[in-house]
Amino acid sequence: MALKRTPLFTEYKKSGAKTVDFGGWELPVSFGGIKQEHAAVRERAGIFDVSHMGEVIVYGPGTIEFLQYIMTNDTAKSKDGKCQYTAMCYEHGGTVDDLVWYRLNEEKALLIVNAANEEKDVNWLSEQSRDFSGVKVENVSQDYAQLAFQGPKAETVLQRLTEESLAAITFFSFKESVTIAGTDVLISRTGYTGEDGFELYLAPENAPALWEAILAEGEAEGVEPCGLGARDTLRFEANLALYGQELTEEITPIEAGLGFAVKTNVDAPFIGKEVLKRQKAEGPPRKLAGIEMIDKGIPRNGYNVLAKGRLIGQITSGTHSPTLQKNLGLALLEPEYCEPGNKLQVDIRNRQLDAVVIERPFYKRGN
Amino acid sequence: MNLPQELKYSKEHEWVKVDGNKVVIGITEHAQDELGDIVFVELPEKGDQLTVDEPFGSVESVKTVSELYAPVSGEVLDVNGELEDSPEFVNESPYEKAWMVVVELSDASQLDALMDADTYKQMISED
């Protein structure tokens, strides 16, 4: 089957970026090198094509009640113009997907889902909404391109391209029908890098022009086009979960350290509530920990973690952190081993190498 | 793409520089380009035995780990210890500063299985 391409495919081919198959999409790994792009986002700003992300509209009377039923966060607490990070779980607590949803109004929500889960999520939403007669679910992914413009200089650069006051768009809020460089966008102050920045949703046919306009406007600030590689190292340092690694159908959001997005004290029932409430109260069977390698080696997804020769868990993500210049990993471990300072071993190609549990997240803006 | 004519090349993207009964081994410019920013190089120790087509170390980029496969068999006479602290040499200077190991050949006929620069170039253009 041919790989899907975003409207920006010709843009990154023009710039010579390497592309890979990412969940059926032909996407750029990097433009100028992962380390360079990573540094650009931490120090200046970088722009990412994330048009592969799925967009789903849930609308009709009862929308918010329905969202409350399928999501772990307290969706009733959100307001028009606000974004909220949440998980959707199965009854057993495992995760269907993690996502950010936008409350357009009390009867309409925009859900941004992981590309690899798009079909699964739409089916899940449709099935679960059957008892909510007024609620409709529509996959509108084809109607949107998405750009993420991230980094400390993002606001300065973007402000020069719009009359809208970007300062008024606070963290995790959004505005519709904003004109940026002549293009109509939905803009939110959100992202997946641990930096300040924006995500822009727009008609696919306008994406190449806006991509070029932002890069041109940001030239003086050193804005760079960035690929999936830097997106992954940036989110990793900030400890933002990646579905398929920190979260799966077998990993609950409590285990993944996402308790802040699981509100078990709400009165309304939601799918998975029983298991998640118990895990919150009694502690989950496994917990996500941050580790730093003491011996030389890089932990990678799936590597076994041991303590005194006994298997205690697995690495979910790991890399050489470009900002911290250390070999770091996230690991799902038996809870008693998750205290910072605790020594353990990672099995890297049949060698047991020493590592130590460290505080999370690895990187916080303003450090 | 820089492919020095005097070197031999393996299908696993190593280069081999022959000097009598000794060879120097590294990875090609094409290999480092495919891997991206190299952040870690794991090499054998002096005195270790390499076996042809078996892994003898690994090169890791930010994104991924890639095994190094021995293009020849033999004893490791020397290892480039500088790569431990400066893995970026693999990106900057794959044929010079990023030589990896010196090996004493145990079977010189294994060199016949390696490619010359033009054959290797042909192979990577077909990838």
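The values are calculated or read from the model by the stated rules, or taken from the named source; none is laboratory data. Since this is a predicted model, take the numbers as computed values, not measurements. Don't worry about glycine lacking a Cβ; one is built from the backbone with ideal geometry, like all the others, and counts go over all protein chains shown. Ligands, DNA and RNA are stripped out before the accessible areas are found, and what is left, the full protein with its side chains, is counted by its heavy atoms. Shrake-Rupley method; radii C 1.70, N 1.55, O 1.52, S 1.80 Å.
Cα atoms only: what Rg and Dmax, in Å, come out for segment B:75-127?
Rg then Dmax for segment B:75-127, in Å: 14.2, 35.
Please list the equivalent ellipsoid semi-axes of the protein assembly as shown, computed as the square roots of five times the alpha-carbon gyration tensor eigenvalues, in descending order and whole angstrom.
Ellipsoid half-lengths, sorted descending, are 44, 28, 19 Å.
With bins 10 Å wide starting at 0, give me the P(r) of segment A:97-138 over every alpha carbon pair, in whole percents.
That works out to 26, 57, 17, in percent per bin.
Note down the magnitude of the dipole of segment A:73-211 about its Cα centre, charges +1 on Lys and Arg C-beta and -1 on Asp and Glu C-beta and zero elsewhere, to the nearest 20 debye.
340 debye
Past the 25 Å Cα-Cα mark, which pairs from A:LYS18/A:LYS120; A:LYS35/A:LYS326; A:LYS18/B:LYS17?
A:LYS18/A:LYS120; A:LYS18/B:LYS17
Dipole size in debye (nearest 20) for chain A around its Cα centre, Lys and Arg Cβ +1, Asp and Glu Cβ -1?
Numbers: 40 positive and 53 negative charges, 234 e Å.
Roughly 1120 debye for chain A.
If you wrap a convex hull around the Cα atoms of chain B, how much volume per residue is inside, in Å³?
92 Å³
Run the numbers for A:VAL266 and A:LYS14: contour at 0.36 nm per residue of separation, minus the present Cα-Cα distance, in nm. Mind dumping the intermediate values first?
Working: separation 252, 0.36 × 252 = 90.72 nm, distance 5.08 nm.
85.6 nm is the gain from fully extending A:VAL266 to A:LYS14.
What are the extents of the Cα atoms of segment A:281-367 along their three principal axes, listed from largest to smallest and rounded to whole Å?
Dimensions of segment A:281-367 along the principal axes of its Cα atoms: 37, 35, 20 Å.
For segment A:1-39 and segment A:222-289, what is the centre-to-centre distance using only Cα atoms, to the nearest Å?
One Cα centre to the other: 27 Å.
Just give the residues from segment A:1-24 buried by at least 20 square angstrom of accessible area in the all-chains context relative to the isolated chain, probe 1.4 Å, and say none if nothing qualifies.
By number: A:LYS18.
Using a 1.4 angstrom probe and counting only protein chains, how large is the accessible area of A:TYR59 in Å², to 10?
Counting only protein heavy atoms, the figure is 70 Å².
Could you please put A:PHE172, A:PHE260 in sequence from largest to smallest accessible area, using a 1.4 Å probe?
A:PHE260, A:PHE172
Would you mind checking segment A:331-349 for residues with the amide N under 20 Å from a putative spin-label position 7 Å along Cα→C-beta of A:LYS308?
A:333-347
Helix-only mean residue ellipticity at 222 nm, chain A, DSSP H runs n ≥ 4 weighted -39,500 (n - 2.57), per residue, nearest 500. What is it? Mind dumping the intermediate values first?
Values: 8 runs with 72 residues, N = 367.
Computed mean residue ellipticity for chain A: -5500 deg cm²/dmol.
Which net charge results when you count Lys and Arg as +1 and Asp and Glu as -1 among the other residues whose beta-carbon is under 10 Å from that of A:LYS79?
Spelling it out: positives minus negatives among the neighbours equals +1.
Considering the convex hull of the alpha carbon atoms of segment A:266-316, report its projected area averaged over all viewing directions, in nm², one decimal. Mind dumping the intermediate values first?
Numbers: hull surface 21.8 nm².
The directionally averaged projection comes out at 5.4 nm².
Can you sort A:LEU147, A:LEU215 by solvent-accessible area, 1.4 Å probe, largest first?
In descending accessible area the options line up as A:LEU215, A:LEU147.
How high is the relative contact order of segment A:1-99? Use alpha-carbon pairs under 8 Å, at least six apart in sequence, and give a whole percent.
So the answer I get is 15 percent.
Calculate, axis by axis, the spread of Cα positions in segment A:1-49 along the three principal axes, and write the results as whole Å, longest axis first.
39, 20, 14
Based on the Cα atoms of segment A:159-237, what semi-axes does the equivalent ellipsoid have, where each is the square root of 5 times one gyration tensor eigenvalue, given in whole Å with the largest first?
20, 16, 13
For segment A:2-104, what value does the Rg/Rh ratio take when both radii are computed over Cα atoms and Rh is the Kirkwood radius, given to two decimals?
My calculation puts Rg/Rh at 1.08.
Would you mind computing Rg(Cα) / (2.2 N^0.38 Å) for segment A:244-330, counting N as its residues?
1.29
Taking a temperature of 4 °C and a viscosity of 1.567 mPa s, what whole-number D in µm²/s does Stokes-Einstein yield for segment A:127-184 with Rh from Kirkwood over alpha carbon pairs?
In µm²/s, the coefficient rounds to 89.
Thinking of segment A:39-88 as a set of Cα atoms, what percent of all their pairs are more than 12 Å apart?
Within segment A:39-88, distances greater than 12 Å cover 75 percent of Cα pairs.
Could you give the nm distance between label points at A:ASN350 and B:SER86, where each point is 7 Å from its Cα heading toward the beta carbon?
3.3 nm
Percent of Cα-Cα pairs per 10 Å bin, from 0 to the last occupied bin, for segment A:81-180, please list those.
Taking every Cα pair in segment A:81-180, the percentages come to 11, 40, 31, 14, 3.
Please compute the contact order of chain A in relative form: average sequence separation of alpha-carbon pairs under 8 Å and at least six residues apart, divided by the residue count, as a percent.
18 percent
Compute the separation of the alpha-carbon centres of segment A:96-166 and segment A:330-363 and state it in Å as a whole number.
Distance between centres, Cα-based: 35 Å.
Counting only C-alpha contacts under 8 Å and six or more residues apart, can you give the relative contact order of chain B as a whole percent?
For chain B, the relative contact order is 30 percent.
Averaged over every viewing direction, what's the projected area of the C-alpha convex hull for segment A:172-306? Give it in nm², one decimal, please. Spell out each step's value before the answer.
Values: hull surface 50.1 nm².
That works out to 12.5 nm², a quarter of the Cα hull's surface.
Quick check: pseudo-label points 7 Å beyond the Cα along Cα→Cβ at A:ASP143 and A:ASN105, how many nm apart are they?
The two pseudo-label positions are separated by 1.4 nm.
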